[in-house]
Structure formats: structure tokens, C-alpha cells
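Q: Sharing a structure with you now.
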Amino acid sequence: MPVKTPRELFVQMLSNLRQGTERSTKLVQEFTQGVQDPDVKEALEARIFVHQKILDTLDQCFKIIGEQPMKVSSRLYDAFVEDFRSEIADVQNPTARNLFILAKVSQVVHHRIAEYRALIAAADLSGHYAVSVLLESGLADKVAFVERTRRLIETITQVKTAERIAAKSAQVA
């Protein structure tokens, strides 16, 4: 569908964010099934819960601007999911699998952060300040999730490194 006005572009971008959030929720649910670590699983399940709140917030954005979400292309998402499924099948080690899943989830979230930033600017330009506030709250959730994911990756790495060092020390002794 050709985009003729800034408003149409805004609706298309907001629709893309909403549809992407919906699909991301399903993807995180799929990721969660492959996780062995209870901390990682719990973090991903919390993410699913937050995604539901974000979907409600995005629906409120559409209500404010008096539009309905439109159907948008999902080729990028589909390619990402296809790559994920083929790559995860090759990762056999549970720790490596957890790190791979966290890295992929983080990758998706970074993409969403960029979308949020562009949409916030577009909402400001179009005079929809209430929409900007709602989008800022979604952006804050995404940034917080990325930071928590980074910390979780660091913790997993530190624990495994300490275990490896302890095992080597035990061999020497």
C-alpha cells in the first residue's frame, strides 16, 4: 500500500510496531520452551507478561489517533524466526543455548527500541503528545529489558567461569 502522507506513515509504523510486538511475544514463548535455566525462563516469562501490557498501550495509541492497526509486511520477522530455528537446533550445550536465546531476544528488542524512538519523534511531530507519552513508557520497558538481559548474560558467564576455575583448581590439588 503506497504511503502518501506523514499520518499514513505514522499509522503504518505504529502498526508495524504493534504487529511486531505481537509476533515477538509468540517468539519469546517459543524461546522459553528451549530454556533450561530457571532464571532465564523466569525472565522470559516476565517479558511475555510485559508484552501484553505493551500491546494494550499500543492499542490505546491507536484509539487516541482514531485509527485501526493495518496489516503490514512481516518478512524481516519471518526471516529472523527461520534463522533462529535453524541455528538453535545446532546449539546442544545448555549454557550456550541459554546465551544464544538471550542474545537473540536482545537483538529483537534492540530493533524494537529503534522503532520506538522513530515513532516517538513522529508522534511529537504530528502533535500527538499523549501517544508520545505512551510510546515512551514502552521504550522504557524495552531499555530496562535489554539492561536486565545484559546483566543475566554476565551472571551466567561469571558462574560458568567460576565453575571452570574451581574445576581446574580441584584438578591441580
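No value in this document is a laboratory result; all are computed from the given coordinates. Quick caveat, the model's predicted, so the values are computed rather than measured. Don't worry about glycine lacking a Cβ; one is built from the backbone with ideal geometry, like all the others, and counts go over all protein chains shown.
Q: Using a Förster distance of 35 angstrom, determine the FRET efficiency expected from the C-beta separation of Ser169 and Gln92, and round it to 0.05. It would help to have the intermediate numbers written out before the result.
A: On the way: r = 27 Å, r/R0 = 0.76.
The formula returns an efficiency of 0.85 here.
Q: Let me ask something else about it. Span-like helices, the chain: DSSP H, alpha-carbon axial extent 20 Å or more, mean Kyte-Doolittle 0.5 or greater, which ones?
A: On the way: long enough: 6-33 (40 Å, -0.71); 38-65 (41 Å, 0.12); 94-125 (47 Å, 0.45); 129-172 (64 Å, 0.19).
Correct list, ordered by number: empty.
Q: Let me have the 222 nm mean residue ellipticity of the chain computed from DSSP H runs of 4+ only, each contributing -39500 (n - 2.57), with the sum over all residues rounded to the nearest 500. Walk me through the numbers before you get to the answer.
A: On the way: 5 runs with 146 residues, N = 173.
Using -39500 (n - 2.57) per qualifying helix, the result is -30500 deg cm²/dmol.
Q: Shape of the chain from its Cα gyration tensor (a ≥ b ≥ c, root eigenvalues): rounded if a/c is under 1.5, otherwise prolate when a/b > b/c, or oblate? Each step should come with its number before you reach the end.
A: On the way: a/c = 3.11, a/b = 2.26, b/c = 1.37.
Cα axes put the chain in the prolate bin.
Q: I want to verify a result. In a Gaussian network model of the chain, Cα cutoff 10 Å, which of these has the top mean-square fluctuation: Val105, Val143, Val91?
A: Evaluated over the chain, the most mobile residue of the options is Val91.
Q: Can you tell me the length gained on complete extension of the stretch Ser137 to Gln29, counting 0.36 nm per residue apart and subtracting the Cα distance?
A: Computed gain between Ser137 and Gln29 is 36.6 nm.
Q: Output the peptides 18-28, 69-79, 159-169, 123-133 sorted from most to least packed, where packing is the average of other Cβ atoms within 10 Å over each peptide's residues.
A: 18-28, 123-133, 69-79, 159-169
Q: Right, another one. Could you pull the Rg and Dmax for segment 1-79, using just the Cα atoms, both in Å?
A: Computed over the Cα atoms of segment 1-79, radius of gyration and Dmax are 15.1, 49 Å.
Q: Taking the alpha-carbon distance from Lys53 and a cut-off under 27 Å, which lysines remain once sequence neighbours fewer than 8 residues away in the same chain are dropped?
A: Answer for Lys53, where 27 Å is the Cα cut-off: Lys26, Lys41, Lys63, Lys71, Lys104, Lys142, listed by chain and number.
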